[in-house]
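The values are calculated or read from the model by the stated rules, or taken from the named source; none is laboratory data. It should be emphasised that the depicted structure is a prediction, and the values quoted were computed from it without experimental measurement. Here Cβ is always computed from backbone atoms with ideal geometry, including for glycine, and neighbour counts include all displayed protein chains.
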Amino acid sequence: MTALWTRDELEAATGGKFAGPCTPVVTGISIDTRTIAPGDLFVALKGDNSDGHAHIAVALDKGAAAVLVHDTTGCTDPRLLMVTDTMAGLQALARAARARFAGKMVAVTGSVGKTTTKEMLRLCLGALGPTHAAEASYNNHWGVPLTLARLPRDVAFCISEIGMNHPGEILPLASMVRPDIAVITTIGSAHLGYMGSVDAIAQEKAELITALPTGGVAIVPDDAQGQSFFAAAARQPNATLWHTGLKRDSFVHLSGLKALEGGSQFTAHVGSRSVPVTLHAPGTHLARNALTALAVCAALGGDLSKAAQALTSFRPGKGRGALAQIAGGNVTLLDESYNASSASIRAALDVLRHLPATRRIAVLGDMRELGDFSISEHQALAQPAADGADLVFCCGPHMKSLFDALPKTAQGAWAQDAATLAPLVCAALRKGDAILVKGSLGSRMRDVITALNSLSAVEPA
């Protein structure tokens, strides 16, 4: 295996020094000894609730090639790479990896759909050349540099996911990534409590575009709030702005969208080029994510037909729109339990509304980080919930406002938390039902999913 980092490269990039003679050949980067692999550089990060320095011995015992530390904790192993601060050391590795990278860099941000779009891009770009992408939702102050530090020196494409929940978080990460293509998936009310307004969210997301080089391409939704911010941001580096969506006059748009069982078909148009797309994932929002992924491929001069073919293997991830048959095949489960925002709940309810079923049931947990906007944002979803579901179950103090605003006929039950709500939902299910489960990660909607997956049977309709 080609070395990701040599001793000399590690010392040069971080400004650190190894404790003694050693010739580490680093083939990966880890910040968690539970998943560390032989040959990894273990970065001993110090967080609010844990300190990786407590696990130096474990990392070495598990085969770490080297350990990045700012405190030896009395250990004298020569494989310790001493730096002033391990987070700064990881960031330095990230910048060095980006500097030596000769391929094309794509950065993805947005209120909703970042990870899904990234995974679609992994498939599309992977069909065009060797591709490196962020794991899971590694999009914050440690996830972004970790993705870059892991970047192989010889791949053609890298996809970085960039998130935020406070002002001023996008630009430092974007400046580290230095994208050739910048993608904004959506602008919505996620983190509204920290940001204060949707305009402020759009302005913060637009900072990603300012990190583009001259001639870079920014791909933004054609219906998003904040178009003036996108345009102003694109002018700074003299970047090209592509709009994508359902509008026929957008440079990138889709037409002929047709729902299939568990997916959709449509035609993607990028300028004068067009390509048919079959997606095994339901919902207009996922079709739009796929369209965005194809736009990136087009901006990089890639083969659209090859990229569209690669998309046929996409399947929604756990908690991100996966469809499953439960209760002995008698109930359809739409698992959207990973996270939630106003926009993503509306999109999920629209998918539920089109699923074949005798009854449609929505199980909704609190949306977090909405601050003073919590009650109004939850209440505003009452009508879409009633339109998309025959019966609605809710949990959490904020979802109580949505539940109370529902017509009595649509009220299933409300509970303080997901664990208490789960048995009520299970008891209400009948053969032929389709059920959606969605809420912010902190709402622990996985408790409901676990309970539903344990059902062996349900009563007849």
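If you go through the range 123-139, how many residues are more than 15 Å from A308 (Cβ to Cβ) and either of a type in the set (S, T, N, Q) or touching a helix residue (DSSP H, G or I) at 6+ places or on another chain (Cβ under 9 Å) (or both)? Can you show your working first?
Pass one, the range 123-139, residues more than 15 Å from A308 (Cβ to Cβ): 129-139.
Now drop any that are not either of a type in the set (S, T, N, Q) or touching a helix residue (DSSP H, G or I) at 6+ places or on another chain (Cβ under 9 Å) (or both), which leaves 131-139.
So the answer is 9.
Pull out all pairs, ordered by first then second residue, where Cβ-Cβ is under 8 Å, the residues are six or more apart or on different chains, the first lies in the range 68-80 and is over 18 Å from R7 (Cβ atoms) and assigned by TED's automatic domain parsing to the domain that holds S30, and the second is of a type outside the set (D, E, K, R) and part of a loop (DSSP other than H, G, I, E, B).
Hits for this filter: H70/A44; H70/V83; H70/T84; D71/A44.
Could we say that R122 is touching a strand residue (DSSP E or B) at 6+ places or on another chain (Cβ under 6 Å), assigned to a helix (DSSP H, G or I) and of a type in the set (D, E, K, R) here?
Judged against the criteria, R122 is a match.
Suppose we keep only residues that are outside any loop (DSSP other than H, G, I, E, B), touching a residue at least 40 places away in the same chain (Cβ under 8 Å) and out of contact with any Phe, Trp or Tyr (no Cβ under 8 Å at 6 or more places or on another chain) within the range 150-177. Which one would you say is surrounded by the fewest Cβ atoms within 10 Å (Cβ to Cβ)?
Looking at the filtered set, the residue picked out is L171.
Every residue, every condition in (1) touching a helix residue (DSSP H, G or I) at 6+ places or on another chain (Cβ under 8 Å); (2) farther than 17 Å from V351 by Cβ; (3) among the aliphatic types (A, V, I, L, M); (4) in the same structural domain as V351 (by TED's automatic domain parsing), yes or no:
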{"position": "H253", "(1), (2), (3), (4)": "yes, yes, no, no"}
{"position": "A259", "(1), (2), (3), (4)": "yes, no, yes, no"}
{"position": "G263", "(1), (2), (3), (4)": "no, no, no, no"}
{"position": "G271", "(1), (2), (3), (4)": "yes, yes, no, no"}
{"position": "P276", "(1), (2), (3), (4)": "yes, yes, no, no"}
{"position": "H280", "(1), (2), (3), (4)": "no, no, no, no"}
{"position": "G283", "(1), (2), (3), (4)": "yes, no, no, no"}
{"position": "L286", "(1), (2), (3), (4)": "yes, no, yes, no"}
{"position": "A290", "(1), (2), (3), (4)": "yes, no, yes, no"}
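Of all residues in the range 405-446 being surrounded by fewer than 20 Cβ atoms within 10 Å (Cβ to Cβ) and among the polar types (S, T, N, Q), which is farthest from Q379 (Cα to Cα)?
The extreme case among them is T420.
So which residues in the range 76-88 are part of a helix (DSSP H, G or I) and in contact with a Gly (Cβ under 8 Å, 6 or more places away or on another chain), if there are any at all?
T86 - this is the single residue of the range 76-88 that is part of a helix (DSSP H, G or I) and in contact with a Gly (Cβ under 8 Å, 6 or more places away or on another chain).
Which residue is surrounded by the fewest Cβ atoms within 10 Å (Cβ to Cβ), if the candidates are limited to the range 28-54 and must be more than 20 Å from W5 (Cβ to Cβ) and of a type outside the set (S, T, N, Q)?
D48
So which residues in the range 413-461 are within 13 Å of L333 (Cα to Cα), not in a loop (DSSP other than H, G, I, E, B) and not aliphatic (A, V, I, L, M), if there are any at all?
Listed by number, the residues that qualify are C426, R430, D433, K438, R446, T450, N453.
Residue-by-condition table, conditions (1) assigned to a strand (DSSP E or B); (2) over 27 Å from A133 (Cα atoms); (3) touching a helix residue (DSSP H, G or I) at 6+ places or on another chain (Cβ under 6 Å):
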| site | (1), (2), (3) |
| --- | --- |
| P38 | no, no, no |
| L60 | no, no, no |
| D71 | no, yes, yes |
| G74 | no, yes, no |
| L90 | no, no, yes |
| A94 | no, no, yes |
| A99 | no, no, no |
| A102 | no, no, no |
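Give the range 350-384 a look and list any residue that's over 24 Å from the mean Cα position of the chain (by Cα) and of a type in the set (G, A, S), or say none.
Of everything in the range 350-384, those that are over 24 Å from the mean Cα position of the chain (by Cα) and of a type in the set (G, A, S) turn out to be A357, S376, A380, A382.
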